[in-house]
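Enquirer: Here it is: the structure, laid out below.
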Amino acid sequence: MPKKIYLLPVLLMSVLSFLSFQAPPEDLADCLVKVKSAWGEHCSECGTSTDTYIVYVMSKCKDKLDVMVGVQDKDSKIYKLSTFYGVIPSDTLRIFACKGSGKWLKWARKAGAPTFKFPTQSEVNEQYK
């Protein structure tokens, strides 16, 4: 019986020690920086709309990324999602909403990383209203 009592603390200490050496996951979305935004800028997909909101996002990461950016539509409150694969450092992405609210969201993962799945359109619509 005494052996079982000592075994549990040793096992717990081993697990805690292992976990303490694991690096926290890097939030790669922090590497995506808004460098500019523009209201009313011409967008070929928006026709003559003067309510366009365009955001320019640059990658400051050292690695190639897969990136998803959403720009919110003012009327529907739905985010128009755009996904870019293999974004290299210093690439600048242009993302828009034809009738923008000025709000935008971003997600990133290392290029080709299957462990992080981007949210679906439904998940974004539900979580970010």
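Enquirer: Can you list the residues, at least 5 places off or on another chain, whose amide H is less than 5 Å from the amide H of I78, using H built in the peptide plane?
Expert: D73
Enquirer: Can you list residues from other chains, or at least 5 along the same chain, whose modelled amide H is less than 5 Å from the amide H of C61?
Expert: Distant-sequence amide H within range of C61: S90.
Enquirer: What ³J(HN,Hα) values, in whole Hz, does the Karplus curve 6.51 cos²θ - 1.76 cosθ + 1.60 give for segment 69-82 when θ = phi - 60°, with x put for Gly and Pro?
Expert: For segment 69-82, the Karplus-derived couplings read 10, x, 10, 7, 7, 4, 7, 8, 6, 8, 8, 7, 8, 10 Hz, x marking Gly and Pro.
Enquirer: All other residues with a Cβ under 11 Å from the Cβ of Q72 taken together, and with Lys, Arg as +1 and Asp, Glu as -1, what is their net charge?
Expert: Once all neighbours under 11 Å are counted, the net charge is +4.
Enquirer: Rg to Rh ratio, segment 41-129, alpha-carbon atoms and Kirkwood radius?
Expert: Here the Rg-to-Rh quotient is 0.99.
Enquirer: What are the lysines whose alpha-carbon lies under 29 Å from the alpha-carbon of K106, with same-chain residues fewer than 8 places away excluded?
Expert: Result set, ordered by chain and number: K34, K36, K60, K62, K64, K74, K77, K80, K117, K129.
Enquirer: Residue by residue through segment 27-40, what is 3J(HN,Hα) from phi via Karplus (6.51 cos²θ - 1.76 cosθ + 1.60, θ = phi - 60°)? Round to whole Hz and write x for glycine and proline.
Expert: Ordered by residue, 3J(HN,Hα) equals 8, 5, 4, 5, 6, 8, 10, 6, 9, 5, 9, 9, 9, x Hz.
Enquirer: Search the structure for amide H atoms under 5 Å from the amide H of Y128, placed 1.01 Å from N in the peptide plane, and list their residues when 5 or more places away or on another chain.
Expert: Counting only residues 5 or more places away or on other chains, the set is empty.
Enquirer: Turning to a different aspect of this structure: In sequence order, what are the phi-derived ³J(HN,Hα) couplings for segment 113-123 according to the Karplus relation 6.51 cos²θ - 1.76 cosθ + 1.60 with θ = phi - 60°, rounded to whole Hz, with x for glycine and proline?
Expert: 6, x, 6, 10, 9, 5, x, 7, 4, 4, 5
No lab work stands behind these numbers, since they all come straight from the coordinates. None of these values were measured; they are calculated from a predicted model. Positions of Cβ are generated from backbone atoms using ideal geometry, with glycine treated the same way; all protein chains shown enter the neighbour counts.
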